[in-house]
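S.K.: Questions regarding the structure given below will be posed in turn.
Any read-out appearing in this document is the output of simple, stated calculations on the displayed coordinates, not a laboratory observation. All figures in this text were calculated on a predicted structure; none of them were measured in a lab.
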Amino acid sequence: MEVEVKLRLANAEAHRHVTTLLSPFHVITHRQHNLFFDGADSELSSRRAILRLRFYGDDERCVVSLKAKAVIVNGVSRVEEDEEDLDPKVGRDCVAEPGKLGLVESRILGRVKEEFGVVGENGFLGLGGFKNVRSVYDWKGLKLEVDETDFDFGTLFEIECESADPEEAKRILEEFLKENGIDYSYSVVSKFAIFRSGKLP
């Protein structure tokens, strides 16, 4: 179970303010391209699951993830997540032809076949996706991920923080944002849900 604090930043100015304040604690910035897949008969989405391929930078890395039963309450997200690395070239082939996902040797894709019944060359459907710039900071014992997510219909700014004690992490983060006059709100839906809705919340 992945447990994360998710706080939405109001706009680009709030995002700039946060990244400027956190700059001494910057670890790395990832350029990500997230692409999503379902079964041709909605076998995954009908059971609140989704398959994601995430490419990093110029395809130097690709991670396949199976996420299920996501719930966000008061800015804290809980989701069942399983992931593993995949050869980026294989990943790109699957984006071009989603049916190839059914032929890839992978523990996670094996789970998709066995647990959700997505099989055969016509078994998978590409849903599209979005790009994300994720700046990672090591701050006050917390790993903060500050995201600038580009959808076709607009840009979302968000802070994510995975934590075993999400309420305490949220308290520390909210204190920091309030002290610095940064406009924020609790995220209410996942980036994938926003992508599927076709509009910013």
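S.K.: Starting from one equal scatterer on each C-alpha and no solvent at all, send me the Debye-based log10 I(q)/I(0) for the range 104-201 at q = 0.10, 0.11, 0.17 Å⁻¹, two decimals.
M.R.: Result of the Debye calculation: -0.43, -0.51, -0.94.
S.K.: Right, another one. In whole Å, what is the distance between the alpha-carbon centres of the range 139-178 and the range 1-34?
M.R.: With the range 139-178 and the range 1-34 each reduced to a Cα centre, they are spaced 6 Å.
S.K.: Enter the angle in degrees (range 0 to 90, nearest 10) between the Cα long axis of helix 12-22 and the first principal axis of the Cα atoms of the chain, meaning the one along which they spread out most.
M.R.: So the helix axis and the longest Cα principal axis differ by about 70 degrees.
S.K.: Output wanted: per-residue J couplings in Hz (rounded whole) for the range 132-147, from phi through Karplus 6.51 cos²θ - 1.76 cosθ + 1.60, θ = phi - 60°, x for Gly and Pro.
M.R.: Couplings: 9, 9, 10, 9, 9, 10, 9, 9, 6, x, 10, 9, 9, 10, 9, 10 Hz.
S.K.: Just want to confirm a number: the relative contact order over the chain, from Cα pairs under 8 angstrom separated by 6+ residues, in percent.
M.R.: 31
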